[in-house]
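> Below is one structure. I have some questions about it.
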Amino acid sequence: MTIFMHAKKLRALVLGMTCLLAAHGVNAEVTQVDRIVALINDDIVAQSELDREMKTILIQLQQSNTNLPSMDTLRKQVLERLVLKKLQLAAAAQVGINVGEDVLAQAINNIAKKNNLTLSEFRQALEQQGVSFNSYREDIRSQIILAKLQDQEIRNRIRVTDQEVDVFLTQHAKDSGSRNNYHLSHILVATPEGASPEQLQNAQAKAESIIKRLREGADFKSLAVAESDGNQALEGGDLGWRPANQLPTIFVEQVRDMGVGDISDPIHTPSGFHIIKLNEAEGEQRHIITQTHVRHILINTNEVTSDNDARTRLLQLKMRIENGDDFANLARSHSDDKSTAISGGDLGWTTPGDLFPQFEQVVKELQPNQLSEPFRTDLGWHLVQVMERREHDNTATIQKAEARKAIIKRKMEEESELYLRRLRDEAYVDMRLDDN
């Protein structure tokens, strides 16, 4: 780092600090109190930011009954999370990602509605908990920006082929045995991209030391908070319940032979050394669904055919069917749905979620062989008949869909770890927690 670069960073630092204090309504006299705890390229983390995040994390850890590490250790973990957040926000700004006021307002309104509160009540609830509404708004804006960054830089570049899905299912069928759902906890000892043999050796030694402490009875959550470089560190390393097909293959190879409560040996991947604990395990669940065989006649509305005309035509067709005319023949002659008219209006076997909500609701209320009354959807006016119903084992279809999601999730996690590590390794970061 040259003297010129230090001077440039210092000028940016002063400007950044001024903007930060102004944004929080702090006058110039407070600049000596709200000290800088980290420099990140041309940005900073102020003590007040760290204090706010510490307060939030402490509440979360206490609610989850996690034994707290020392405050110094926790403060370092929280500061590292803030540094990664700042680096991602800077990367998002570089590629032009932003969140407008309309999008932000809609997001906050949705959060308030999910809590059954008006916006005013939601704001009061936050302030009663000591949370500034403006700070909360900016936190939500940051979350949306980071999600967009992840989509743009990682998710949109991930591709999954049918062959990958088939291989994945075959492998997991062999590996998972009778247990298919796992509740895991996780600690990561990260290594930089292109780590040297010495760095790898040191990381492995640290992982083995953590494993020894865990097997001697140390609390997993506390060690995860204190030592893990994983994204779930401040949640005690809890990965929650996951089907076997949503775990990295290398994890499944370990957990299939683990008993509940066991701690794995170090698992080496490009992002570092992983330690997993098997908290609980369950067997496979079958997915049985009710499928319905449906056919319909559609009449479109336009300048010539009004809603009333369409409904009247369908009432007449319904009467003809009830008097013995064949539904399929009438569908071929009268239905405006050309894709199904040729097959007598047959929509085939439908699964919940396949049809428009209004259409599905009508179908749900019909008995086999029963005709509906004419009803309207966005496509036009329909006359529907349920031909039959069956219970269908949809496990294989769901397994394929879940396998595809699992592969995407696995690739996302792997790429996200590497992306964050790359951002961190390439950045100028000066931690100042120990400064007086």
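The values are calculated or read from the model by the stated rules, or taken from the named source; none is laboratory data. In this text, all values refer to a predicted model and were calculated from it rather than measured experimentally. Don't worry about glycine lacking a Cβ; one is built from the backbone with ideal geometry, like all the others, and counts go over all protein chains shown.
> How many residues, within segment 197-220, are closer than 15 Å to Leu184 by Cα and buried (at least 21 other Cβ atoms within 10 Å of the Cβ)?
1
> Check Ala207, Ala218, Ala195 and return the single one that is of a type outside the set (Ser, Thr, Tyr) and touching a Phe, Trp or Tyr at 6+ places or on another chain (Cβ under 6 Å).
When all the criteria are applied, what remains is Ala207.
> Does any residue of segment 347-365 turn out to be small (Gly, Ala, Ser) and surrounded by 14 or more Cβ atoms within 10 Å (Cβ to Cβ)?
No, segment 347-365 contains no residue that is small (Gly, Ala, Ser) and surrounded by 14 or more Cβ atoms within 10 Å (Cβ to Cβ).
> If I filter segment 88-98 for residues that are out of contact with any Leu (no Cβ under 8 Å at 6 or more places or on another chain), farther than 26 Å from Glu417 by Cα and in a helix (DSSP H, G or I), do I get at least one hit?
The answer is no; no qualifying residue exists.
> Let me ask something else about it. Pull up segment 124-134, narrow it to residues that are out of contact with any Leu (no Cβ under 9 Å at 6 or more places or on another chain) and assigned to a helix (DSSP H, G or I), then point me to the one that is farthest from Ile59 (Cα to Cα).
Step by step, filter segment 124-134, then rank; the result is Asn134.
> Which of the numbered conditions does Gly194 fail, given that it passes all the others? Conditions: (1) of a type outside the set (Ser, Thr, Tyr); (2) farther than 25 Å from Gln62 by Cβ; (3) in contact (Cβ under 8 Å) with a residue 60 or more places away in the chain.
All conditions are met except number (3).
> List every residue pair whose Cβ atoms lie under 9 Å apart, where the two residues are 6 or more positions apart in sequence or sit on different chains, the first residue falls within segment 148-173 and is over 21 Å from Val255 (Cβ atoms), and the second residue, located anywhere, is among the hydroxyl-bearing types (Ser, Thr, Tyr) and part of a helix (DSSP H, G or I).
Taking only residues 6 or more apart or on different chains, the pairs are Gln150/Ser416; Gln150/Tyr419; Glu153/Tyr419; Ile154/Ser416; Ile154/Tyr419.
> Quick one: is Ala147 hydrophobic (A, V, I, L, M, F, W, C), surrounded by 12 or more Cβ atoms within 10 Å (Cβ to Cβ) and assigned to a helix (DSSP H, G or I)?
Spelling it out, Ala147 is indeed hydrophobic (A, V, I, L, M, F, W, C), surrounded by 12 or more Cβ atoms within 10 Å (Cβ to Cβ) and assigned to a helix (DSSP H, G or I).
> Tell me, which strands (runs of 3 or more DSSP E) lie completely within segment 206-318 with 2 or more residues that are outside the structural domain of Asp378 (by TED's automatic domain parsing), within 24 Å of Leu68 (Cα to Cα) and of a type in the set (D, E, K, R)?
Output list reads 272-283.
> So, one more: So which of Ser120, Ser142 is of a type in the set (S, T, N, Q), part of a helix (DSSP H, G or I), modelled with pLDDT of 90 or more and surrounded by 15 or more Cβ atoms within 10 Å (Cβ to Cβ)?
Unique residue meeting the criteria: Ser142.
> With respect to the numbered conditions (1) closer than 17 Å to Phe220 by Cα; (2) in contact with a helix residue (DSSP H, G or I) (Cβ under 7 Å, 6 or more places away or on another chain); (3) not in a loop (DSSP other than H, G, I, E, B), which one is the sole condition not fulfilled by Glu49?
Every listed condition holds for Glu49 apart from (1).
> Let me ask something additional. Can you tell me which residue within segment 60-80, out of those that are among the hydrophobic types (A, V, I, L, M, F, W, C) and in a helix (DSSP H, G or I), is surrounded by the most Cβ atoms within 10 Å (Cβ to Cβ)?
So the residue we want is Val78.
> Against the definition (under 20 Å from Ile407 (Cα atoms) and modelled with pLDDT of 90 or more), how does Leu214 come out, yes or no?
no
> Then there's this: Just checking, which of Arg390, Arg376, Arg410, Arg422 is in contact with a Pro (Cβ under 7 Å, 6 or more places away or on another chain) and at pLDDT below 95?
Selected residue: Arg410, the only one of Arg390, Arg376, Arg410, Arg422 that is in contact with a Pro (Cβ under 7 Å, 6 or more places away or on another chain) and at pLDDT below 95.
> If I filter segment 409-425 for residues that are in a strand (DSSP E or B) and among the polar types (S, T, N, Q), do I get at least one hit?
No, there is no match, as no residue in segment 409-425 is in a strand (DSSP E or B) and among the polar types (S, T, N, Q).
> Given segment 320-394, what strands (runs of 3 or more DSSP E) lie entirely inside it while holding 2 or more residues that are under 25 Å from Val304 (Cα atoms)?
Correct list: 375-377, 380-393.
> Could you list all residues from segment 81-117 that are among the polar types (S, T, N, Q) and surrounded by fewer than 15 Cβ atoms within 10 Å (Cβ to Cβ)?
Matches in segment 81-117: Gln94, Asn98, Gln106, Asn109, Asn110, Asn115, Asn116.
> Out of Thr269, Thr305, Thr301, Thr292, which single residue is among the polar types (S, T, N, Q), more than 30 Å from Asn245 (Cα to Cα) and under 43 Å from the mean Cα position of the chain (by Cα)?
Thr301
> Now for a separate question. Anything in segment 207-222 that is touching a residue at least 60 places away in the same chain (Cβ under 8 Å) and of a type outside the set (S, T, N, Q)? List them, or say none.
Those that are touching a residue at least 60 places away in the same chain (Cβ under 8 Å) and of a type outside the set (S, T, N, Q): Ala207, Ile210, Ile211, Leu214, Asp219, Lys221.
> Sticking with this one: Here are the criteria: (1) in contact with a helix residue (DSSP H, G or I) (Cβ under 6 Å, 6 or more places away or on another chain); (2) exposed (fewer than 13 other Cβ atoms within 10 Å of the Cβ). Tell me which single one Glu388 does not satisfy.
Only one criterion is unmet by Glu388, namely (1).
> Is it the case, given these coordinates, that His287 is touching a strand residue (DSSP E or B) at 6+ places or on another chain (Cβ under 9 Å), farther than 20 Å from Glu413 by Cβ and surrounded by 16 or more Cβ atoms within 10 Å (Cβ to Cβ)?
no
> Might you check whether a residue that is at pLDDT 90 or above, closer than 24 Å to Leu433 by Cβ and surrounded by fewer than 16 Cβ atoms within 10 Å (Cβ to Cβ) occurs anywhere in segment 128-136?
Taking every residue of segment 128-136 in turn, none turns out to be at pLDDT 90 or above, closer than 24 Å to Leu433 by Cβ and surrounded by fewer than 16 Cβ atoms within 10 Å (Cβ to Cβ).
> Give segment 395-417 a look and list any residue that's over 18 Å from the mean Cα position of the chain (by Cα) and buried (at least 17 other Cβ atoms within 10 Å of the Cβ), or say none.
Selection gives Gln399 alone.
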